[in-house]
Amino acid sequence: MSEIPAAPTADELTVGDEVVVESGPIAHGGFVVARHEGRVLFVRHTLPGERVRVRITEGGPGDRFLRADAVEVLEGSPARVEPPCPYAGPGLCGGCDFQHVDLAEQRRLKASVVMEQLQRLAHVERDVVVEPVPGDDNGLRWRSRTEFAVGADGRAGMRRHRSHDLLAIDDCLIASERVVGTGVLHGYWAGEKAVDVVAPSEGAPVVVRIPSDESVAPVVTETVAAQSLSRDFDVSARGFWQVHPGAAATFVDAVIDGLRPQPGERGLDLYAGVGVFTSALAQAVGERGQVIAVESDATAVAQARLNVEAVTPWVHYVQGRVDHVFGVESTGRVAGSRKGGRRRAAPRRPNSAMPPTADVVVLDPPRTGAGKAVITAVVALTPRALAYVACDPSALARDTAYLMERGYALTSLRAFDAFPMTHHVECVAIFERDET
Ligand SMILES: C[S@@+](CC[C@H](N)C(=O)[O-])C[C@H]1O[C@@H](n2cnc3c(N)ncnc32)[C@H](O)[C@@H]1O
């Protein structure tokens, strides 16, 4: 007679083991937090309030937490839906987190993550509503730029969650019809690492083979049709542009509504890309005003010099890293430092193009956020208002705390569902000098 193996204790849990848990709250990153006999599990493919059987996918004895996939739903949430995408599910595509969640609930989950991060990191209690980006009916077919990985067999697909393994796919339901209509998922791309498909507002979609030489990537035309700005931008197919076609217009209106830049004012656009916010600021402050834009990417700066500086000469683009341009200490990795460790870079001099004061500032940093040194340098310009455009609620909350400690109040916060079916959310936060 064969013996039934004893269920592993919480301490023994390791990859492949299965246990039944109650799903707790949503966490930053799109996971639900659950506990098994006190051990913390970060679980995908479930929803708060469910009872699920989970399979451990990462971690083992001694680890602080384990990762797991819900592989069987014992008691489902009313917000659970059948995933529209056949590639969503345990062990499958790592691209989307919320295919199994009703769209309204996806937005509530993202709102609760923003609220929790602000509460925990900045001690700010605030109700947050995640607004849809105009043009989104069902959260599908929105992505106008998608990079697909290429497998050894030359087929394009998506990586499995937290894995280098490739899942060949025939369709991606969040990619726009124009992206998948290129036939990229049925092509043969042997020898490439990835293929990037860009369906710009104007003209035909382009497929860029990766690795590509940045400087020879095609230039595409993107249109912003907002209340505060209506114009086209030239942007490298490999350069930064919002992937949701409604996002750039939505964010620029939120920024301009929040800052209300006045004729004759001086604005600063940090992490400016090809100049979406720069252009709107330039239009609002007029030729008696001034806008200084800072961007590290040389191609984006060259494009903005032709397209933005040339039409609104009261704009001045500065190419460089924002921290370097402010002359503040960088805490980034320094080439040549032993074992690749972190070391303080030598203090730099501020770029002479940086003004002593500014009236309004836009910050739209990458996921890591602006950080303490940049926030301190921005505050030293004594702007009356700042707009912080954030793709990571945690970095936003951390920088909110720095701004509040330095005399600024969070006066408005809007959050947008610019990445449906994923856990990502974009926030536009307005800070004003606290005169109280
Ligand atoms: C989120 S994008 C925003 C771009 C632009 N505001 C827009 O909406 O199109 C961030 C931009 O910051 C640039 N960037 C990243 N790190 C930077 C740094 N340390 N200093 C200056 N620019 C940086 C990137 O090249 C990118 O263009």
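The values are calculated or read from the model by the stated rules, or taken from the named source; none is laboratory data. Just so it is clear, the model here is predicted, and its values are computed rather than measured. When we count neighbours, we look across all protein chains shown, and the Cβ atoms used for this are built from the backbone with ideal geometry, even at glycine. The area values use the complete protein model at the heavy-atom level, side chains included, leaving out ligands, DNA and RNA. Shrake-Rupley method; radii C 1.70, N 1.55, O 1.52, S 1.80 Å.
Please list, ordered by residue number, the strands (runs of 3 or more DSSP E) wholly in segment 18-95 having 3 or more residues that are modelled with pLDDT under 95. Explain how you work it out, then say what you get.
Details: elements: 18-26, 32-36, 39-44, 51-58, 65-75.
Fully inside segment 18-95 and qualifying: nothing.
Could you tell me whether G91 is of a type outside the set (D, E) and under 25 Å from the mean Cα position of the chain (by Cα)?
Values: of a type outside the set (D, E): yes; under 25 Å from the mean Cα position of the chain (by Cα): yes.
The answer is yes for G91.
Pull up segment 287-307, narrow it to residues that are more than 12 Å from the ligand (Cβ to nearest atom) and assigned to a helix (DSSP H, G or I), then point me to the one that is most open to solvent (accessible area, probe 1.4 Å). Give the steps one after another, and end with the answer.
We begin by selecting, within segment 287-307, every residue more than 12 Å from the ligand (Cβ to nearest atom); these are 287-292, 302, 305-307.
From the residues that got through so far, the ones that are assigned to a helix (DSSP H, G or I) too are 302, 305-307.
Details: A302: 55, R305: 102, L306: 134, N307: 36 Å².
Among them, the one singled out is L306.
Return yes when T250 is modelled with pLDDT of 95 or more and touching a Ser or Thr at 6+ places or on another chain (Cβ under 7 Å) and no when it is not. Quick ask: steps written out before the conclusion?
Numbers: modelled with pLDDT of 95 or more: yes; touching a Ser or Thr at 6+ places or on another chain (Cβ under 7 Å): no.
Taking the combined requirement at face value, the residue does not satisfy it.
When you check A429 against the structure, is it of a type outside the set (D, E, K, R) and not in a helix (DSSP H, G or I), yes or no? Spell out the reasoning first.
Numbers: of a type outside the set (D, E, K, R): yes; not in a helix (DSSP H, G or I): yes.
Against the criterion (of a type outside the set (D, E, K, R) and not in a helix (DSSP H, G or I)), A429 qualifies.
How about segment 352-369: which of its residues are within 9 Å of the ligand (Cβ to nearest atom) and either in contact with a His (Cβ under 9 Å, 6 or more places away or on another chain) or assigned to a loop (DSSP other than H, G, I, E, B) (or both)?
Across segment 352-369, the qualifying residues are D364, P365, P366, R367, T368.
Taking E37 and the conditions (1) surrounded by 15 or more Cβ atoms within 10 Å (Cβ to Cβ); (2) of a type in the set (D, E); (3) touching a helix residue (DSSP H, G or I) at 6+ places or on another chain (Cβ under 7 Å), which numbered condition does it fall short on, given that it satisfies the others?
Going through the list (1) surrounded by 15 or more Cβ atoms within 10 Å (Cβ to Cβ); (2) of a type in the set (D, E); (3) touching a helix residue (DSSP H, G or I) at 6+ places or on another chain (Cβ under 7 Å), E37 breaks only (1).
List the pairs whose first member sits in segment 127-145 and is within 25 Å of V235 (Cα to Cα), whose second member is basic (K, R), and whose Cβ atoms are under 9 Å apart, counting only residues at least 6 apart or on separate chains?
Pairs that qualify, where the first residue is within 25 Å of V235 (Cα to Cα) and the partner is basic (K, R), are S144/R178.
Just to be sure I understand the filter: pairs with C-beta atoms under 8 Å, separated by 6 or more residues or on different chains, first member in segment 1-30 and open to solvent by less than 40 Å² (accessible area, probe 1.4 Å), second member at pLDDT below 95 and acidic (D, E). Which pairs pass?
So the pair list comes out as A10/E37.
Here's the yes/no breakdown for (1) touching a Ser or Thr at 6+ places or on another chain (Cβ under 9 Å); (2) farther than 29 Å from C172 by Cα:
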{"site": "D11", "(1), (2)": "no, yes"}
{"site": "H45", "(1), (2)": "no, no"}
{"site": "E50", "(1), (2)": "yes, no"}
{"site": "R55", "(1), (2)": "no, no"}
{"site": "R67", "(1), (2)": "yes, no"}
{"site": "P86", "(1), (2)": "no, no"}
{"site": "F98", "(1), (2)": "yes, no"}
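Here are the criteria: (1) buried (at least 22 other Cβ atoms within 10 Å of the Cβ); (2) under 23 Å from V322 (Cβ atoms). Tell me which single one V220 does not satisfy.
(2)
Could you list, in sequence order, the residues of segment 259-286 that are assigned to a helix (DSSP H, G or I) and either buried (at least 22 other Cβ atoms within 10 Å of the Cβ) or touching a strand residue (DSSP E or B) at 6+ places or on another chain (Cβ under 7 Å) (or both)?
Quick first cut of segment 259-286, residues assigned to a helix (DSSP H, G or I) only: 259, 276-285.
Listed by number, the residues that qualify are L259, V276, F277, T278, S279, A280, L281, A282, V285.
Pick from A272, A284, A310: which is closer than 17 Å to D234 by Cα and more than 11 Å from the ligand (Cβ to nearest atom)? Show your work before the answer.
Working: A272 fails: more than 11 Å from the ligand (Cβ to nearest atom); A284 fails: closer than 17 Å to D234 by Cα.
Going through A272, A284, A310 in turn, just one is closer than 17 Å to D234 by Cα and more than 11 Å from the ligand (Cβ to nearest atom): A310.
Assess whether P200 counts as being open to solvent by 20 Å² or more (accessible area, probe 1.4 Å), out of contact with any helix residue (DSSP H, G or I) (no Cβ under 6 Å at 6 or more places or on another chain) and within 14 Å of the ligand (Cβ to nearest atom). Outline the logic, then answer.
Values: open to solvent by 20 Å² or more (accessible area, probe 1.4 Å): no; out of contact with any helix residue (DSSP H, G or I) (no Cβ under 6 Å at 6 or more places or on another chain): yes; within 14 Å of the ligand (Cβ to nearest atom): yes.
No; evaluated as a whole, the condition is false for this residue.
What single numbered condition from (1) modelled with pLDDT of 95 or more; (2) within 13 Å of the ligand (Cβ to nearest atom); (3) not in a strand (DSSP E or B) fails to hold for R238?
Against the list (1) modelled with pLDDT of 95 or more; (2) within 13 Å of the ligand (Cβ to nearest atom); (3) not in a strand (DSSP E or B), R238 comes up short only on (1).
Could you check, for segment 54-66, whether at least one of its residues is closer than 20 Å to V113 by Cβ and buried (at least 16 other Cβ atoms within 10 Å of the Cβ)?
Within segment 54-66 (the criterion being closer than 20 Å to V113 by Cβ and buried (at least 16 other Cβ atoms within 10 Å of the Cβ)), the answer is no, since none of the residues qualifies.
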